[in-house]
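To keep things clear, I will list the structure first and then write my remarks on it.
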Amino acid sequence: MNTYSFIAGQSVNAACIAATNNKGATTYKRHRFSTFTKGLRELSQWLCKNNCKDVCMESTGKYWIPVVNVLEDSCNITLAHPKYVKAIRGKKTDKKDAKWIADLFKHDLVAGSFMPPLAIRQLRDLMRYRFKLTNFTSSEKNRFQNSLTVSNIQIASVVSDTFGKSSMKIIDKLLEDPTNTTFDIKPLIHGSMKDKVTDLELAIDGFITPEQAGKLSVIKHHYENLNARKSDLEQWILSLAEPYTEEINLILTVPSFKNIFSAIAVVSEIGVTMDVFPTAKHLCSWAGLTPTNNESAGKKKSVRVSRAGVYIKPLLVQCATAVVKSEKHPEIRNRYLRLKKRRGHKRAIIAIARMLLTAIYHILKKKEPYNPELYQKSDVLPVSREITVDQAILLAKSQGFKIMMPETSVT
């Protein structure tokens, strides 16, 4: 007898067990459990009592995580994306959803989502929070700069970094007494900025109101606090990432991966065991770096990349944008330039991002560092190449050439 179960709900978990006997007849058992830990333990006991070891559940927000925490050790859990198990509109209830997905899972029609081990999930949670803190820090820096501009303080026009040591010393002095803009700047600035004293004196000659001074002080303290909390979080991340030092060092051999937190971010998203992805193409599709299929009546409506990989995709695109500007990796830059001519900058960057992720896949699978020679050999053109006249004309047209027929002489 095969048993399957589906759990759904936010305040209440609706469970359904579909049991099929030897004659193919299916019977259903339904029950509702609370989302408290006590209710989830009762759910686990109910599943064990009915000999249910295979569980399929919908991944809705964060509501699936408490259920997994309780059932992970006793059941084989398949996490399904809501769009693949969604019932027909107008016929949706928790009770019907439970039965519907139990039937889908019973007939092996549910494609399980990638769910890394608990240690990787914990690392992923901290890395995503670090990403949020980085965004908050950037927002506070922009607010700080806007307040300086509103107050006629043009330090950004003189120095390269408004948040450098010399600039912050000048701003701290301004905030002590906003009405005094004629203080001596020389003791506050670095030696390399001595030739900018005159420009800095003109830059700080502004109009700081008490309200703007108070706002600048609040933003400054918040910015410093965010950096301190981010530093504390990074210590936790580094301690959790110690078991994956080998994999992180391998990822750091990939072009443009110079920061250890970039490598940890990749590990936290895809894990270190590539056996869960049959091929590199499956991994790239999971990360949202492959064109989607949307064809109807013989017409392709869209080939845009999917929305998947909301955290790993921006990281890979950022790395790809950096590496194509460098001359140190011609195997990547040359491919980008070839694709850019035909497909444009954005599609070429996505292709390079996919190239980097494919390299990471094989690096983690084979436990070997990045080898640029593998890509350089693929760039070598064959010695003998043939093309027909019609193919040559089509190639010339695709490159924007206008085909001119030769004039025939009349005798």
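Quick notes on this structure:
- Selection count, segment 232-268, where residues are more than 19 Å from Leu133 (Cα to Cα) and charged (D, E, K, R): 4
- Verdict on Asn334 being in contact with an Asp or Glu (Cβ under 7 Å, 6 or more places away or on another chain), open to solvent by 40 Å² or more (accessible area, probe 1.4 Å) and either of a type in the set (S, T, N, Q) or assigned to a loop (DSSP other than H, G, I, E, B) (or both): yes
- Residue within segment 174-194 that is surrounded by 14 or more Cβ atoms within 10 Å (Cβ to Cβ), at pLDDT below 90 and among the charged types (D, E, K, R) present: no
- Qualifying residue in segment 238-253 (condition: assigned to a helix (DSSP H, G or I), open to solvent by 40 Å² or more (accessible area, probe 1.4 Å), among the aromatic types (Phe, Trp, Tyr) and under 24 Å from Gln318 (Cβ atoms)): no
- Yes/no for Phe277 being open to solvent by less than 80 Å² (accessible area, probe 1.4 Å) and touching an Asp or Glu at 6+ places or on another chain (Cβ under 9 Å): no
- Failed condition for Thr162, given (1) touching a residue at least 24 places away in the same chain (Cβ under 8 Å); (2) closer than 30 Å to Ala263 by Cα; (3) touching a helix residue (DSSP H, G or I) at 6+ places or on another chain (Cβ under 6 Å): (1)
- Test: Phe144 is assigned to a helix (DSSP H, G or I), open to solvent by 50 Å² or more (accessible area, probe 1.4 Å) and out of contact with any Cys (no Cβ under 9 Å at 6 or more places or on another chain): no
- Unmet criterion (only one of (1) closer than 25 Å to Leu315 by Cα; (2) surrounded by 13 or more Cβ atoms within 10 Å (Cβ to Cβ)) for Ala98: (1)
- Meets criteria (among the polar types (S, T, N, Q) and at pLDDT 85 or above) for Thr137: yes
- Applying the criterion of being exposed (fewer than 14 other Cβ atoms within 10 Å of the Cβ) and within 18 Å of Lys83 (Cβ to Cβ) to the residues of segment 302-326, the residue that is modelled with the highest pLDDT is Val310.
- Applying the set (1) in contact (Cβ under 8 Å) with a residue 24 or more places away in the chain; (2) open to solvent by 30 Å² or more (accessible area, probe 1.4 Å); (3) part of a helix (DSSP H, G or I) to Glu211 leaves exactly one unmet item: (1).
- Tally, over segment 75-85, of residues that are surrounded by 14 or more Cβ atoms within 10 Å (Cβ to Cβ) and in contact with a Lys or Arg (Cβ under 9 Å, 6 or more places away or on another chain): 1
- Applying the condition of being under 22 Å from His362 (Cα atoms) and more than 12 Å from the chain's Cα centre (by Cα) to segment 285-301 and asking which residue is most open to solvent (accessible area, probe 1.4 Å) yields Pro291.
- Here Ile77 meets each of (1) modelled with pLDDT under 85; (2) assigned to a strand (DSSP E or B) with one exception, condition (1).
The values are calculated or read from the model by the stated rules, or taken from the named source; none is laboratory data. This structure is a prediction, so every number in the text was calculated from the model and none was measured. Cβ atoms come from the backbone with ideal geometry, glycine included; neighbour counts cover every protein chain shown. What goes into the accessible areas is simple: the full protein's heavy atoms, side chains included, and nothing from ligands, DNA or RNA. Shrake-Rupley method; radii C 1.70, N 1.55, O 1.52, S 1.80 Å.
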